Every structure is written in C-alpha cells, then in structure tokens.
Amino acid sequence: MVKGVSLSLAIAVSALLLSNVLGFNAILLALVFGIVLGNAFKLPEYFNLGIKTASGRFLEIAIILMAFSIDYGSFLKLGWETIIIVIVTISAVLLMTLWLGKKMNCPSSAGLLVGFGTAICGSAAIAALAPSVSKDKSDIGISMAVVNLYGLLGMILIPFITQDWLTDVQNSILLGASLHSVGNVAGAGFAMNDAIGEMAVTVKLGRVALLTPALLIFGHFTAKKSASHTTNKLNLPWYLVTFIVISILVSIFPFPEEILSYSKKGSNFLLATAMAAIGLKVSFKTLLNSGKKGLVFGAILFAVQLSIIMGLMLVLAT
C-alpha cells in the first residue's frame, strides 16, 4: 500500500509546485500527470492497493476538510435579486442535467458530475458528489477535464465579450453565477477591474455555500434504482454527514483563521493526491471515447446557464 500512496503523493507535490510557477489549477494538473504516467507505464500490481486508498479515503477526508470553506453567511449577504438569480440558475442547470443526460444517453455518472460541477463550483463540487454517484474513476477524470476546460474558456472569453455592454454589477453577477471555480471568477473579474472582481467573488462564494443543500437534493434525485424500479432511500455516507455538520457549524460559530487556513490547504493537498491516484487508473482510450460526448454535454449546459443568467438579469433589472 505504501508504494501506491507514495506515488500519488509524489505526483500531487509535483503538481502543486508546478502550479505555483504556471498559475494553473493544481488539482487538474495532478489528474493530468496521473493520466499521463498511468498510460505511459504499466504499474506493477503492488501499487494498486495504495492507489485505491489514495483515490478513495484521501478523497473522503479532502471533502470533510472542504466543509471549513463553506459559509452560508456569504449567500445571505447577496441582494435578493442576486439570490434569486443564483438559486434559479443552479436549479435549472441541475434539472437540465437530469433531462439532458437521458436525451443524450451521456454516460450516467460522467454527465451527472459535469452538470453538478457546472452548477456549483467546478472540481470541488465534482469531488464532493463523485463517491456517491460514480464507481468508475474514469468518469471523474472526464468530468473534471470538461468542467475545467469550459471554466478556462469562460474566464478568457466572457470579459472580452461583455465588458463594454454590461454594467459592472451585471458583469459581476454573470461571472460569479456562471464560471466554474473561484479561480476562474477571480481571474476574469479582476482582469476587468477590482470592483467587478470583488463582487464577482462574493457572488461565487454565495453559490459555493449552496453546495451542501445541492448535494442533498441532487443526491436524492440521482439515488440509484433497485431491480424493482423503486428508488433506494438516500443513505448519506459518513464523510458527507460530517461535511454537512461542519459546514453548518462553521457558518454559525466563528472558527480561528488558522483552522480555516490549514483545512483549506489540507483539502487542496489531499484532493490533488486523490486526483493523481484517479488519473493513474484512467486510460486514454476511455477518456477519448467518453470525453467527446462529455464535451458536447458540458457545452450545452454552460450555454444554458449563461442564457438563464442573462435572461434573469433583464427581468430583474439588475
């Protein structure tokens, strides 16, 4: 087990160090490094147990630590118009995910993860939902690749297209309610001006605060059906129950900044390690075959998301 865990840790450390130089997402970089290494070399079987531990248990602990970054107060600080836009948009994207997944026959868990990541907060949302809906590690790799690709494209293109014809408030809402990660939002917002950057990140943090209720609600609708075609009662795994409890406590009681800071760093490191381990077991063939449909699926959802936000801003006169 030690060798598989050590390999995953080494890949994660390399990704984190390189991300500081390149300014690139360390979690996605760890996933890519793992995929490249896993396909370039046939790893001996004695690596498997450690890789399984890193991709499973490490991911669960990372999700728990992620809860310390959830703050429901961020959501309540948004104006009522913005709150409506965020809630309606998230709900519409998640419903569209369920409907479109059936219409396109998108690989079930990959489509669900792409939709959830698009609706909430990119890689973190995918990581939180994945253990509950996906047994195939390839689906996690596909969904993270798709979501991060469109997040990057949105970060580059949206400011270029909207800067001259939307107000600062509208640009802030559009970026914060649509882009896939906090990094995407900050990158796009501050590239326009500091005011847009600050407000866009606030909107995004409000959206991230909805991760807990979204996990519960979406998990209910995606609960697997038994042979008798009746939906199984949603049984939350231990780490998700812990995540929910911590997120509620952090939102109610003030926690020391040191705890919040170290938990965020720990979550990022463990998440990068888990993604490295997952990448080691993802084949290029599977990635290419399923990735094509995932790219189309993600593009449709992102386009729908942007359209809904623009429409709601017009209706609510933000």
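What whole-number distance in Å separates the alpha-carbon centres of region 239-259 and region 38-57?
Centre-to-centre distance over Cα atoms comes out at 32 Å.
Restricting to DSSP loop positions (anything but H, G, I, E, B) with no more than 16 other Cβ atoms inside 10 Å of their own Cβ, which trypsin sites (Lys or Arg not before Pro) remain in region 35-117?
Numbers: sites: K42, K52, R57, K77, K102, K103; in loops: K42, K77.
Of the trypsin sites (Lys or Arg not before Pro), the ones in loops of region 35-117 whose Cβ has at most 16 other Cβ atoms within 10 Å are K42, K77.
Quick one: order T162, T89 by neighbouring beta-carbon count within 10 Å, fewest to most. Kindly include the intermediate steps, with their values, before the conclusion.
Working: T162 18, T89 23.
Ascending number of Cβ neighbours within 10 Å: T162, T89.
Does anyone have the angle between helix 168-178 and the longest principal axis of the chain? Alpha-carbon axes, 0 to 90°, nearest 10?
The angle comes out at about 30 degrees.
Express the relative contact order of region 1-72 as a whole percentage, based on alpha carbon pairs under 8 Å and six or more residues apart in sequence.
Values: 46 pairs, mean separation 32.3, N = 72.
Relative CO of region 1-72 lands at 45 percent.
Fewest first, what order do I83, I140 take by the number of other Cβ atoms within 10 Å? Could you put the intermediate results ahead of the total?
Values: I83 15, I140 27.
So the residues, fewest neighbours to most, are I83, I140.
Considering only V182, V201, V250, give the residue with the highest GNM mean-square fluctuation for the chain, with springs between Cα atoms whenever their separation is below 10 Å.
V250
Counting pairs of alpha carbon atoms under 8 Å apart in space and at least six apart in sequence, what relative contact order in percent does region 111-217 give? Before the final figure, lay out the partial values.
Values: 145 pairs, mean separation 29.9, N = 107.
Dividing the mean separation by the residue count of region 111-217 yields 28 percent.
Please give me the summed charge of the neighbours of V5: other residues whose Cβ is under 12 Å from its Cβ, Lys and Arg +1, Asp and Glu -1.
Values: positive: K3, K52, R57; negative: none.
Local charge sum for V5: +3.
Straight-line reach from K204: which aspartates and glutamates fall under 18 Å, measuring Cα to Cα and dropping same-chain residues less than 8 apart?
Excluding near neighbours in sequence, the set is D71, E81, D168, D194.
Give me, ordered by chain and number, the residues 5 or more places off L210 or on other chains with an amide H under 5 Å from its own placed amide H.
none
Can you sort E198, E257, E60 so the residue with the fewest Cβ neighbours within 10 Å comes first? Spell out each step's value before the answer.
On the way: E198 13, E257 8, E60 18.
Sorted ascending by nearby Cβ count, the order is E257, E198, E60.
Restricting everything to alpha-carbon atoms, can you work out Rg to Rh for the chain with a Kirkwood hydrodynamic radius? Show your work: numbers first, answer last.
Working: Rg = 19.0 Å, Rh = 19.8 Å.
Rg divided by Rh gives 0.96.
In percent, what relative contact order does the chain have, based on Cα pairs under 8 Å that are 6 or more apart in sequence? Show your work: numbers first, answer last.
Working: 491 pairs, mean separation 111.2, N = 318.
It rounds to 35 percent for the chain.
Quick note: the coordinates plus some simple rules give every number you see, no bench work behind them. On a predicted model such as this, the values are computed, not experimentally measured, just so you know. Ideal geometry is used to build each Cβ from the backbone, glycine not excepted, and the neighbour counts take in all protein chains shown.
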